[in-house]
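Reviewing the structure listed below.
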Amino acid sequence: MSILIKGGRVVTAESDYVADVYVEGEKIVAIGSNLPYTAERVIDASGKLVFPGGIDPHVHLDMPFMGTFSSDDYETGTRAAMHGGTTMVIDFILQTQGDTLRNALTTWQAKSRGKAIGDYSYHMAVTDFNDDVAKEVVEMITQEGITSFKTFMAYKGALMIDDGQMVQLMKVVKENGGLVTVHATNGDMIDSLIAKNQALGNRAPIYHYLSQPEVTEAEASGRFADMLHYTGCPGYIVHMTCEGALNAVRKATSRNQKVFVETCTQYLVLDASLYEQDFDGAKWVMSPPLREKKDQAALWSGINQGLVQVVGTDHCPFMWDQKKMGMDDFAKIPNGHPAIEHRMELLFSEGVNKGRITLNKFVEVSSTNAAKIFGMYPRKGVIAIGADADLVVFDPEKEHTISVDSHHMNVDYSAYEGWKLKGKTETVLLRGQVAIENEQCHLKAGSGQFIPRGKTSLTV
Ligand code: URP
Ligand code: ZN
Ligand code: ZN
């Protein structure tokens, strides 16, 4: 199949120009003015933006968590992502404590094989580190193309590893060219605050927020940066929410250390006032919780200062009945919210349209930097000859309203109900195939491929 995207404003992390993009098979073959190609399909992109497909490196699909499973699986989750212009996701495999990484990989391959609509990869969450697991880490990097290893400094008894395990893991990962990522919050401190609130009979969702104050994230982020410095391992902090944690990373830069940082759309556009209501606040029970307006400002600045490189979603949806598991106890509300579909459009509307970030920065943090950090560049994350033809034709003027009635995620409420956005994904290509057109998904389950990854190539 050949496709000519004609006359769009082609935006990458570095450039911005009007051109045609010619696609043959899965790849971009030519870019230029008035290209002399006859294609099987011509897409008129005049007046539209053309971006590289979005990459969301933080999603949880069909994940066992807090006694239930996140409600989007690989099919529904990657389809919803595609509707919003995200052509690739990186999901988290969870090692079961006491079990092998290999078994965990097999489980996640069964969840994704034949189901994904968009491309995908996995981070491997190491929840139990020992000498045998160290050998498996090497195997994952050298044989499976899984080069990022997720760690949790919270969720004790289920996912958390201690600092000794963390340092040993970092050493192995560094020696083999991988990257350690982290959920950086002080688990012991949070557990004690949760227990205190429960003992006092404080059961509403707002106590989830009050049990995870900013210091729990700032402390753990600084500790993680120190351990990275000690081991020399590259690291990436997921879902950063607050000024204190960002300042811990800023401090690490003063010893010439680079720690990659991801924030998520919700931390840029929502704040903790949403918890000041009854059980409805459960829609935004996630970890870490939403923060204050001053934290939103710090994160937007962090993006522009180059301290925050990536905007993901931490998409981890639960049906309302699942959220109700915590009706009488905030600590039993499954943590997470649905967001995979709206990341690019929210970031464009709230970020670019409101003058907080440039168009180039938008592409950098929604696609290019994730491709570089997670070892997929220049196959992914860029509009260039030879890259995968993952492309988004985007209408910057189109206004629309987010609603549970029109979203494609498998969840029965929206965390952004009634939000009015300007800028909408119009057409999406995945490796040269038309994935989204006229608000319909044209790809079948199984169209998405596992993308093996290499070493990080972002050196800023
Ligand atoms: O609330 C969240 N973030 N749920 C998913 C698990 C995690 O910590 O990322
Ligand atoms: Zn987390
Ligand atoms: Zn997460």
Open item on the list: Please go through region 235-253 and give me each residue that is away from ligand 2 (no atom under 16 Å from the Cβ) and either in a loop (DSSP other than H, G, I, E, B) or not basic (Lys, Arg) (or both), ordered by number.
Closed with: Glu243, Gly244, Leu246, Asn247, Ala248, Val249, Ala252, Thr253
Task: Residue selected from region 343-377 under the condition within 23 Å of Tyr17 (Cβ to Cβ) and without any contact (Cβ under 8 Å) to a residue 12 or more places away in the chain, by the criterion surrounded by the most Cβ atoms within 10 Å (Cβ to Cβ) - done: Thr358
Open item on the list: I'd like to verify a number: residues in region 74-103 that are under 30 Å from Asp329 (Cβ atoms) and either in the same structural domain as Leu430 (by TED's automatic domain parsing) or open to solvent by 10 Å² or more (accessible area, probe 1.4 Å) (or both), how many?
Closed with: 6
TODO: State yes or no: is Thr181 assigned to a strand (DSSP E or B) and among the polar types (S, T, N, Q)?
DONE: yes
Open item on the list: With within 25 Å of Asp191 (Cβ to Cβ) and open to solvent by 30 Å² or more (accessible area, probe 1.4 Å) as the only criterion, which of Ala297, Ala272, Ala282, Ala331 stands out?
Closed with: Ala331
- [ ] For region 300-328, enumerate the residues that are open to solvent by less than 20 Å² (accessible area, probe 1.4 Å), away from ligand 2 (no atom under 16 Å from the Cβ) and under 20 Å from Glu417 (Cβ atoms).
- [x] Lys323
TODO: Can you confirm whether region 324-332 contains a residue that is assigned to a loop (DSSP other than H, G, I, E, B), out of contact with any Leu (no Cβ under 6 Å at 6 or more places or on another chain), more than 14 Å from ligand 3 (Cβ to nearest atom) and of a type in the set (A, V, I, L, M)?
DONE: yes
Task: Long-range neighbours under 9 Å by Cβ, at least six apart or interchain, first residue in contact (Cβ under 8 Å) with a residue 24 or more places away in the chain within region 323-342, second open to solvent by less than 10 Å² (accessible area, probe 1.4 Å) and basic (Lys, Arg) - done: Ile333/Lys323; Pro334/Lys323
Open item on the list: From the list Val182, Val238, Val215, Val249, exactly one residue is in contact (Cβ under 8 Å) with a residue 24 or more places away in the chain and open to solvent by 10 Å² or more (accessible area, probe 1.4 Å). Which is it?
Closed with: Val215
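I need the helices (runs of 4 or more DSSP H) fully contained in region 57-160, keeping only those with at least 1 residues that are within 16 Å of ligand 1 (Cβ to nearest atom). Lay out the reasoning, then the answer.
On the way: elements: 74-83, 101-112, 131-139.
So the answer is 74-83, 101-112.
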Task: Matching residues, region 194-209, being among the hydrophobic types (A, V, I, L, M, F, W, C) and away from ligand 1 (no atom under 16 Å from the Cβ) - done: Ala195, Ala199, Leu200, Ala204
Task: Ile146 being within 19 Å of the chain's Cα centre (by Cα) and more than 16 Å from ligand 3 (Cβ to nearest atom) - done: yes
Task: Looking only at region 266-289, and only at residues there that are of a type in the set (S, T, N, Q) and within 13 Å of ligand 1 (Cβ to nearest atom), the one that is nearest to Glu417 (Cα to Cα) - done: Gln266
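In the set Asp163, Asp119, which member is assigned by TED's automatic domain parsing to the domain that holds Val238, closer than 30 Å to Lys372 by Cβ, surrounded by 21 or more Cβ atoms within 10 Å (Cβ to Cβ) and charged (D, E, K, R)?
Every option except Asp119 fails the conditions.
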- [ ] Working only within region 5-43, note down all residues that are surrounded by fewer than 16 Cβ atoms within 10 Å (Cβ to Cβ), among the β-branched types (Val, Ile, Thr) and assigned to a strand (DSSP E or B).
- [x] Val18, Val42
Open item on the list: What's the total number of residues in region 206-234 that are outside any helix (DSSP H, G or I), more than 16 Å from ligand 3 (Cβ to nearest atom) and within 24 Å of the chain's Cα centre (by Cα)?
Closed with: 3
- [ ] Looking at (1) among the charged types (D, E, K, R); (2) open to solvent by 10 Å² or more (accessible area, probe 1.4 Å); (3) not in a helix (DSSP H, G or I), find the lone condition where Lys380 falls short.
- [x] (2)
- [ ] Can you tell me which residue among Lys135, Lys150, Lys156 is surrounded by fewer than 16 Cβ atoms within 10 Å (Cβ to Cβ) and within 15 Å of ligand 2 (Cβ to nearest atom)?
- [x] Lys156
Open item on the list: Go through region 44-73 and report how many residues are open to solvent by less than 20 Å² (accessible area, probe 1.4 Å) and not hydroxyl-bearing (Ser, Thr, Tyr).
Closed with: 16
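The values are calculated or read from the model by the stated rules, or taken from the named source; none is laboratory data. Note that the structure is a prediction, hence the values are computed from the model and not measured. Here Cβ is always computed from backbone atoms with ideal geometry, including for glycine, and neighbour counts include all displayed protein chains. Just so you know, the surface numbers come from the protein's heavy atoms only, side chains and all, with ligands and any DNA or RNA stripped out. Shrake-Rupley method; radii C 1.70, N 1.55, O 1.52, S 1.80 Å.
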